[in-house]
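Report on the following structure.
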Amino acid sequence: MLRTRNIAAVLACLLIAALAAGCGREGSPPVKGPKAEALPDYTVDTGFELPESKTWKKAKRRGHLVVGAKEDQPYLGEKDPATGVYSGFDIEIARMMAASLGFEPDTIRFRTIASANRETALQNGQIDYYVGTYTINDMRKKLVGFAGPYYMAGQGLLVRTDENDIHGPQDLAGKTVCSAAGSTPYQRIAADYPEADLVAYDTYSICVDNLLTFQVDAVTTDDAILLGFAAKAPDEMKVVGKPFSEEPYGIGVPRSDNALRFALNDALEENEKNGNWKKAFEATLGLSGVPAPTPPPIDRYPAN
Ligand code: GLU
């Protein structure tokens, strides 16, 4: 009996050790993503006040911010299933914004919101702001406000490493392509490449599972997202071709809250100047092989 239990304990230890090591090959990218020790420390602006912003006032009264994000996008917005901790470049942007708005790091609550539900979440006040690969465009500007952009991505294609026929969107005719419902990449394929057999799921990680199990031939969304998935499984998947759109990432805010939008634009500019933006990028999205670019100019469109 004792011996059986010992064997079971040894096996359990081996399993735990294997899991802790990430079961990865030597030299493969870190499975858990961001290098925590390389992340910047954001100075909390303790005296900050924004009485003109309804969203800010409500969050202050409540004692914490509620920030919408993604939880399954490598190096951008990832939630550790064991600890519930969110990490990635978008999460860092959310944290630096919170510090500028006068919120301590332990007063931010992240909430996962899928691409198709972002506008409603902002309109219903379920979240105070949203940071999650959210493209700024005129259609969405009718429904929500956008601070930024803080990064410029472009649409791309992810395929299995053994795929030799797909090099760009022009090769998608008759192929099954997966994207997220309510996303700009989905809309672009539907409008410009009608010969593709397009399928939609709530998230890109479901698309990636479908790619790996041969249910679809390609996954399409922003290169920033696809490169992260490819970096985590380089033997299985590759990003092909050149980006075929411009996807400027903004911070979504309630449409009428111009005060919050302006404050976030100021906060972004300051963090780009003081080096926090670059440091945060290098410790997160930079790990998927993208060198830190110059951030795009901020679009300070007038109050609506
Ligand atoms: N940036 C694109 C969008 O906002 C695709 C990524 C996403 O779905 O979050 O629709």
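A compact table of results
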{"quantity": "Under the span-like rule (Cα at least 15 Å along the axis, Kyte-Doolittle mean at least 1.0), DSSP H helices of the chain", "calculated": "2-20"}
{"quantity": "Cα→Cβ-extended label distance, 7 Å offset, between His64 and Glu272, nm", "calculated": "3.2"}
{"quantity": "Ratio of Rg to Rh over segment 217-268 (Cα coordinates, Kirkwood Rh, two decimals)", "calculated": "1.18"}
{"quantity": "Mean ellipticity per residue at 222 nm, deg cm²/dmol - from DSSP H runs of n ≥ 4 across the chain, formula -39500 (n - 2.57)", "calculated": "-10000 deg cm²/dmol"}
{"quantity": "Ratio of Rg to Rh over the chain (Cα coordinates, Kirkwood Rh, two decimals)", "calculated": "1.01"}
{"quantity": "Compactness of segment 167-304, expressed as Rg and Dmax over alpha-carbon positions, Å", "calculated": "17.5, 49"}
{"quantity": "At most 13 other Cβ within 10 Å, DSSP loop - trypsin sites (Lys or Arg not before Pro), segment 122-185", "calculated": "Lys142"}
{"quantity": "Neighbourhood charge, 11 Å Cβ-Cβ cut-off, centred on Leu158 and excluding it, Lys, Arg +1 and Asp, Glu -1", "calculated": "-3"}
{"quantity": "Selection from Ala259, Thr184, Ala280, by position along the positive dipole direction of the chain (Cβ)", "calculated": "Ala259"}
{"quantity": "Segment 134-215, Rg to Rh (Cα coordinates; Rh as Kirkwood inverse mean 1/r)", "calculated": "1.00"}
{"quantity": "FRET efficiency, 1/(1 + (r/R0)^6) with R0 22 Å, evaluated for Glu236 and Gln215 via beta carbons", "calculated": "0.95"}
{"quantity": "Dipole magnitude (debye, nearest 20) for segment 182-295, charges at Cβ of Lys, Arg, Asp, Glu", "calculated": "300"}
{"quantity": "Translational diffusion coefficient (Stokes-Einstein; Kirkwood radius from C-alpha pairs) of segment 136-181 at 37 °C, 0.692 mPa s, in µm²/s", "calculated": "237"}
{"quantity": "Cα-centre dipole for segment 98-193 with unit charges at Cβ (Lys and Arg positive, Asp and Glu negative), debye to 20", "calculated": "300"}
{"quantity": "Protection proxy ranking of 88-99, 68-79, 177-188 - average other beta-carbon atoms within 10 Å, highest first", "calculated": "88-99, 68-79, 177-188"}
{"quantity": "Contact order normalised by residue count of the chain, Cα under 8 Å, 6+ apart, percent", "calculated": "25"}
{"quantity": "Two-site FRET efficiency, Asp192 against Arg300, from Cβ-Cβ distance with R₀ of 30 Å, rounded to 0.05", "calculated": "0.45"}
{"quantity": "Stokes-Einstein D (µm²/s) once Rh is taken as the Kirkwood radius of segment 108-160 over alpha-carbon pairs, at 25 °C in 0.890 mPa s", "calculated": "193"}
{"quantity": "log10 of Debye I(q)/I(0), alpha-carbon scatterers only, for segment 68-156 at 0.14 Å⁻¹", "calculated": "-0.49"}
{"quantity": "Spin-label model distance (nm) - Arg160 vs Lys54, 7 Å beyond Cα toward Cβ", "calculated": "5.1"}
{"quantity": "Coarse-grained scattering of segment 38-80 at q = 0.17, 0.29, 0.30, 0.32 Å⁻¹, given as base-10 log I(q)/I(0) from a Debye sum over alpha-carbon atoms", "calculated": "-0.74, -1.01, -1.03, -1.08"}
{"quantity": "Sum of side-chain charges, Ala218 neighbourhood, beta-carbon under 12 Å (Lys, Arg +1; Asp, Glu -1)", "calculated": "-2"}
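A short reminder: the numbers here are calculations on the coordinates, not readings from a lab. This structure is a prediction, so every number in the text was calculated from the model and none was measured. Neighbour counts are summed over all protein chains in view; Cβ atoms, including those assigned to glycine, are modelled from backbone coordinates with ideal geometry.
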